[in-house]
Amino acid sequence: MLRLFGKAPREPMDRADCNGCGLCLLVCPLWRRDRDPRMTPENLVKAAQRGAMTDEFALLIETCPLCGACEPACPNSADIPGLILDLRQRLTHSAVKIADDSPRRRLPGLMRRTPGEALSSKVSVRRKLGATDLYVIEPRAYHADYERLVGHYDRLRKETGCMLNLDLQRIAIPAVMEAAWILQGRNPARIVVESQDDRAAFERVCDIPVVHVAELAED
């Protein structure tokens, strides 16, 4: 978790289109883990609309995993991950440089294929996937280009029969915080991940073999 240096500046939070529907709660890993209404995307954006001060929400701004699940779930397309990143910059007041892992922000106006998409598109990889595999999509890249990638992973599931870490709304569940929850009701023989962080998360909670998708691309 990011630690703040010095006193956070008191700046009013701005923007956020939110009608209070609460759909973001269904996919937020912080809400599913803690059930704390203060630590939710909805609470953040409603507070922003009412002129709350940035430092009043320092803990939420620090703790958010930036998985991006809330953005495609929002009917108003509120850029909540973007809001979090902007608020982190205000909190640190340039004392700490925050790494922006969002593919959309690194490549504004241009979305390239993600490593997971490129590897899972390979015929050699798909031939090695089967119905007993749990394929774990890296959520940040997936949600950054959700409308396009949801079709890619739907085709992957239909072609290989593998299980995916998607909920009923086809939102990718973050494995880093929800690895044990993802495994509930599933009994995969193998877990295939796109992220080494996800690999470590599953290895902490189960004895099922975990491999990176790149390993399947090896001859």
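A few points about this structure:
- The range 22-52-the range 195-216 distance, computed between alpha-carbon centres (Å): 29 Å
- Neighbour counts of C-beta atoms inside 10 Å place Leu216, Leu26, Leu168 in the sequence Leu168, Leu26, Leu216, starting with the fewest.
- Placing dummy labels 7 Å off each Cα toward the beta-carbon, the span from Ala58 to Asp154 is 4.5 nm.
- Equivalent ellipsoid dimensions for the range 105-211 as semi-axes, Å, which come from the Cα gyration tensor, largest first: 22, 16, 13
- Cβ-to-Cβ counts within 10 Å put Tyr142, Tyr135, Tyr153 in ascending order as Tyr153, Tyr135, Tyr142, the fewest first.
- If you take all other residues with their beta carbon under 14 Å from the beta carbon of Tyr153, and give Lys and Arg +1 and Asp and Glu -1, the sum is -2.
- Order of Arg88, Arg113, Arg127 - criterion: other Cβ atoms within 10 Å of each residue's Cβ, fewest first: Arg127, Arg113, Arg88
Every number here is computed from the coordinates shown, using simple stated rules; none is lab data. Here the structure is a predicted model, which means the values were calculated and not measured. Note that each Cβ is placed from the backbone with ideal geometry, even for glycine, and that neighbours are counted across all protein chains shown.
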